[in-house]
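Structure first, then comments.
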Amino acid sequence: MIRRMTGVAFLLSAAACSVAQDDGALDEQIAEQETAVEISGVNPSYIRVDDQGMSHVTAWDEKAGYAGLCYAMARDRLFQMDALRRSAQGRLAEIYGPGDGDSILGQDLLARAQNLPAFAAARYASAALRTKRALQGCAAGVNQYIATAKASSSGLPLEFQTLGYEPDPWTPEDSVLAYIYVGVTFDTLTWFTKLERAAVASIAGTEVATTLIKEAANEVSMFDAQGNLNPVSQFLVPPGASAPTATLVLPPPPPCLEGPRQFAPQLLRMAPASGRASNAWAVDGHLTSTGKPLLATDPHFPHATPSAVYLAQLKVSGEYNVAGWMMPGFPGFVSGHTERIAWVPTYSLFDSVDLYVETLRPASGGGEEVLINGQWRPVTTRVETIHVKGQPDVQRTFRTTPHGPILNDGLDGLDGFGTLALKSTAGQPEWKVDGYFEMPAALSFSQFKAAALKQSIGWNFIFADYSGTYGHIGYQNSGLAPQRESPLNALYPVPGTGGHEWTGYATNAELPSVYDPPSHVLVTANNRMVPRNYAPAGRPVHLANYWDMPWRAQRVMTRLTTATQPLTPQDMASIQLDTQTTIGLPLRDIYVGALGRVGLPAGDPSAAAAAAALQQWDGNAAASSQGAAVYEMLTFILLRNTVSGVIGPDEYALFAPNVFLTNQLNGLIDVLGSPRAPYFGIAEGVDPVAARDEAVRAALGEADEMLRGALGSDVSAWTWGGIHELTYNHPLASEDARFDIGTFPATGDVGTVNIGGWFAKVGILALPSGDFEGAGGVRAALAQDALSATRLVWNLAPLDGSFGVMSTGFSGDPRTGHYADHAAPWRSGQVFPIPFTSAAIP
């Protein structure tokens with residue numbers, strides 16, 4: 001039940017509700033126009049929506065507060081919440097049908113195999129009382145909104161009306177499931193990469209697998225082997241080209257993977273359209289115009305309409321007042337600020353999953369057994385029914401070993417690797433979310449650190465408090481980092497028979513941390529946190545293998561530390577929009593040098609103008625850049641030709657979407673800077689340098705042909721945004737024009753601070769004619785598939801000094817004025833105030 005409040009205070013005595021925050025009198029806490037939400041069994045909460053569509057929730061206790069917060073979230077994002085829940089449950093085909101080539105049904109089967117709802121139920125059952133209370137309140141709020149919407153004249157959100165179904169009631173376990181699914185989307189690319197590394201090693205050897213999936217170098221780690229913060233100088237963008245880092249050849253696959261090990265072609269449609277990226281940084285008051293810390297967060301998620309994150313404020317009287325972003329369905333503030341502290345995260349890329357090649361045999365009483373450490377142990381089974389809209393139900397049996405669910409039961413095409421069980425931290429009893437419900441109450445770094453260490457997805461948290469003359473900043477690595485008997489787990493699927501088990505987790509003391517760095521600056525951008533030989537207390541500790549490259553972190557650090565004036569909040573927002581590439585100019589110089597030695601491709605009418613545009617390019621991947629169009633297309637074609645020439649075009653079609661693009665580009669930089677066989681000059685008597693130069697020339701000819709096909713023959717009209725576009729992708733945009741925001745030129749690339757996407761579909765560039773056009777051609781290959789879901793700058797001096805923008809709008813309902821009102825400002829770099837005090841909420 002809701003009612004409009006006008007100048008009404010809470011119906012409690014002032015003595016019973018003294019407030020820690022300096023919000024003033026109660027009549028200032030409750031704005032003149034505010035909605036009171038009454039939910040059975042929960043105290044009222046009060047919601048005010050500002051002129052941008054952001055909800056500001058006030059309540060007297062936490063359970064009521066989270067009820068109000070989730071009521072507002074459901075009002076704005078109910079279908080998105082339900083779609084994410086269905087993705088994790090494996091129930092999308094119920095509402096969409098099987099999808100082209102059974103792609104949606106295939107996604108459901110993989111989700112069913114992983115049995116995530118069972119993990120969520122177990123993790124909720126063991127959660128702290130405070131967490132349960134918050135999530136119970138959240139469920140009550142969502143369900144109150146569902147009941148209210150169903151009883152209203154406008155009904156449920158449009159998506160439910162279009163698809164003809166009603167959402168199930170929300171449960172506290174669903175909120176845990178929503179957070180687990182965030183980790184699953186990150187982890188899927190990790191285990192796909194382990195599979196692809198094994199496939200490449202089986203085709204071309206370990207050195208090739210190591211080079212083509214090249215890790216970030218130890219030299220750019222944020223911390224050294226003992227856990228000390230490395231100097232800022234290691235992160236500054238070097239002037240001009242630099243020599244490639246040495247390739248440390250990693251061990252070969254275990255014996256159980258000897259011989260050809262390849263993906264089946266049907267896995268192409270299941271390649272993970274996910275990557276791992278975000279930017280976060282903080283500067284303390286020594287370097288800022290405010291004299292206090294400034295923080296910036298722009299989380300990178302798969303492009304979604306509406307935005308992949310939700311932004312709101314929650315005031316629990318007498319306890320805390322917090323504003324920040326969260327994932328739809330999970331009400332924990334992943335980033336936020338109170339009156340005293342602020343925090344911003346990036347994903348830390350923990351190696352949180354392993355693939356075990358299981359040895360099975362029939363059990364004497366029926367079913368199967370699995371061999372682990374010399375003992376035959378039972379394999380459990382369950383039968384599930386998948387409802388498919390417009391088609392008969394699908395029934396499937398799913399198996400689980402003591403390591404975890406068997407992926408083969410939900411993902412066809414894995415048989416070339418054996419029977420694979422997936423072990424993940426989400427399936428372990430140590431996994432938790434409790435810290436998110438303690439963070440808002442923290443008053444110091446030590447309290448925040450203790451809270452941050454009570455959640456289990458790998459995150460880098462950067463923190464600031466505003467006490468003292470200049471305030472303080474700190475960093476805490478957080479999450480469950482499994483330790484193993486063997487280093488091979490981090491690279492490949494491993495034998496399930498023994499010798500590769502988990503031995504525990506990195507301890508809290510072993511996770512890197514720092515407070516008040518002497519540089520007064522902290523930056524994370526998914527870059528390598530620790531070197532391979534990390535052993536802070538003498539014990540080797542493994543956190544991750546697939547860190548992102550340091551390119552975004554280097555660019556941010558360079559801009560922060562080379563500023564000649566105190567840094568302003570507007571400077572933080574400007575850096576978030578930065579599209580200067582870190583690797584672009586060094587690669588450009590290699591290309592221009594090669595073309596200078598071998599000449600331009602013969603018969604290419606665009607070659608001279610394209611080469612001139614490339615030579616004059618300033619390294620900026622702006623949408624309007626002509627040189628960027630040539631550089632990006634040339635780089636993608638050269639990468640395709642180089643990799644497919646070594647592992648074959650069939651395997652490249654699987655390699656391209658299954659290995660994070662920055663690892664691929666790091667390998668390309670290596671072999672271009674140090675040409676060698678088998679990448680260049682494999683034939684006897686062929687100079688690798690000459691072969692590399694010829695490869696650059698050939699790639700330019702192919703790139704020019706594709707650019708002419710997409711943009712026409714006038715090279716002066718070519719722009720990066722002409723082939724790199726952002727299409728707002730609501731799943732029902734083709735069904736109802738109200739969901740369609742449009743298609744626009746996009747900016748940035750995979751390595752820029754203002755990220756231009758992960759380009760998971762770049763393999764389209766390798767398709768033969770006919771298939772290439774049918775798949776959407778150049779624009780589909782280079783479409784923006786990931787972006788900053790929001791850009792925020794936290795500034796607590798003054799308390800209303802923060803600002804930001806959403807990628808679309810606060811609401812998912814196009815019947816409101818806040819469905820797409822931020823889309824154009826987001827593209828143009830505008831931001832809006834994020835009010836915090838009651839008086840500032842418009």
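Residues that are charged (D, E, K, R) number at least 3 in the following helices (runs of 4 or more DSSP H) confined to the stretch 637-717: 688-711. As a summary of the residue check, ALA72 satisfies the conditions (1) within 22 Å of PRO302 (Cβ to Cβ); (2) buried (at least 21 other Cβ atoms within 10 Å of the Cβ); (3) out of contact with any Cys (no Cβ under 9 Å at 6 or more places or on another chain); (4) in contact (Cβ under 8 Å) with a residue 24 or more places away in the chain except for the one numbered (1). Only helices (runs of 4 or more DSSP H) whose full extent lies in the stretch 530-629 are considered here, and the ones with at least 2 residues that are closer than 30 Å to LEU707 by Cα and without any contact (Cβ under 8 Å) to a residue 24 or more places away in the chain are 584-598, 607-616.
Does THR816 satisfy being under 27 Å from GLU725 (Cβ atoms), out of contact with any strand residue (DSSP E or B) (no Cβ under 9 Å at 6 or more places or on another chain) and surrounded by fewer than 21 Cβ atoms within 10 Å (Cβ to Cβ)? Working first, answer last.
Numbers: under 27 Å from GLU725 (Cβ atoms): yes; out of contact with any strand residue (DSSP E or B) (no Cβ under 9 Å at 6 or more places or on another chain): yes; surrounded by fewer than 21 Cβ atoms within 10 Å (Cβ to Cβ): yes.
It is true that THR816 is under 27 Å from GLU725 (Cβ atoms), out of contact with any strand residue (DSSP E or B) (no Cβ under 9 Å at 6 or more places or on another chain) and surrounded by fewer than 21 Cβ atoms within 10 Å (Cβ to Cβ).
When the stretch 498-544 is filtered for residues that are of a type outside the set (A, V, I, L, M, F, W, C), open to solvent by less than 20 Å² (accessible area, probe 1.4 Å) and within 23 Å of the chain's Cα centre (by Cα), the ones remaining, listed by number, are PRO512, THR524, ASN526, ASN527, ARG528, PRO531.
Only residues that are of a type in the set (Ser, Thr, Tyr) and either free of Cβ contacts under 8 Å to residues at least 40 places away in the same chain or open to solvent by less than 10 Å² (accessible area, probe 1.4 Å) (or both): list them for the stretch 426-453, please. Within the stretch 426-453, TYR436, SER446 qualify.
Among the residues of the stretch 794-805, is any of a type outside the set (Ser, Thr, Tyr), open to solvent by 20 Å² or more (accessible area, probe 1.4 Å) and outside any loop (DSSP other than H, G, I, E, B)? Walk me through it before giving the result.
From the stretch 794-805, those of a type outside the set (Ser, Thr, Tyr) are 794-801, 803-805; that's our starting set.
The next check asks that each one be open to solvent by 20 Å² or more (accessible area, probe 1.4 Å); those that pass are 797-800, 803.
If we keep only those that are outside any loop (DSSP other than H, G, I, E, B) too, we end up with 803.
Within the stretch 794-805, one or more residues are of a type outside the set (Ser, Thr, Tyr), open to solvent by 20 Å² or more (accessible area, probe 1.4 Å) and outside any loop (DSSP other than H, G, I, E, B).
Among helices (runs of 4 or more DSSP H) entirely within the stretch 102-179, having at least 1 residues that are under 30 Å from ASP61 (Cβ atoms), at pLDDT 95 or above and out of contact with any Lys or Arg (no Cβ under 6 Å at 6 or more places or on another chain) singles out 116-125, 129-151.
Of GLY721, GLY701, GLY709, which residue is farther than 18 Å from GLY776 by Cβ, modelled with pLDDT of 95 or more and of a type outside the set (A, V, I, L, M)? Give the steps one after another, and end with the answer.
Numbers: GLY721 fails: farther than 18 Å from GLY776 by Cβ; GLY709 fails: farther than 18 Å from GLY776 by Cβ.
Step by step, each of GLY721, GLY701, GLY709 is checked, and only GLY701 is farther than 18 Å from GLY776 by Cβ, modelled with pLDDT of 95 or more and of a type outside the set (A, V, I, L, M).
Here ARG597 fulfils each of the conditions (1) open to solvent by less than 50 Å² (accessible area, probe 1.4 Å); (2) touching a helix residue (DSSP H, G or I) at 6+ places or on another chain (Cβ under 6 Å) apart from (1). Considering each of ALA683, ALA710 in turn, give the residue that is surrounded by fewer than 18 Cβ atoms within 10 Å (Cβ to Cβ), in contact (Cβ under 8 Å) with a residue 60 or more places away in the chain and farther than 30 Å from ASN527 by Cα. Going through ALA683, ALA710 in turn, just one is surrounded by fewer than 18 Cβ atoms within 10 Å (Cβ to Cβ), in contact (Cβ under 8 Å) with a residue 60 or more places away in the chain and farther than 30 Å from ASN527 by Cα: ALA710.
Listed here are the residues, each with its yes/no results for (1) buried (at least 23 other Cβ atoms within 10 Å of the Cβ); (2) of a type outside the set (Val, Ile, Thr); (3) at positive phi.
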position	(1), (2), (3)
ARG779	no, yes, no
ARG791	yes, yes, no
HIS822	yes, yes, no
GLY829	no, yes, yes
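Checked against (1) modelled with pLDDT of 95 or more; (2) within 30 Å of PRO378 (Cβ to Cβ), GLY416 passes all but a single condition, namely (1).
The values are calculated or read from the model by the stated rules, or taken from the named source; none is laboratory data. Bear in mind that the values here come from a model prediction, so they are computed numbers and not experimental data. Heads up, the Cβs are rebuilt from the backbone with ideal geometry, glycines too, and the neighbour counts pull from every protein chain shown. Ligands, DNA and RNA are excluded from the accessible area calculation, which covers all protein heavy atoms including side chains. Shrake-Rupley method; radii C 1.70, N 1.55, O 1.52, S 1.80 Å.
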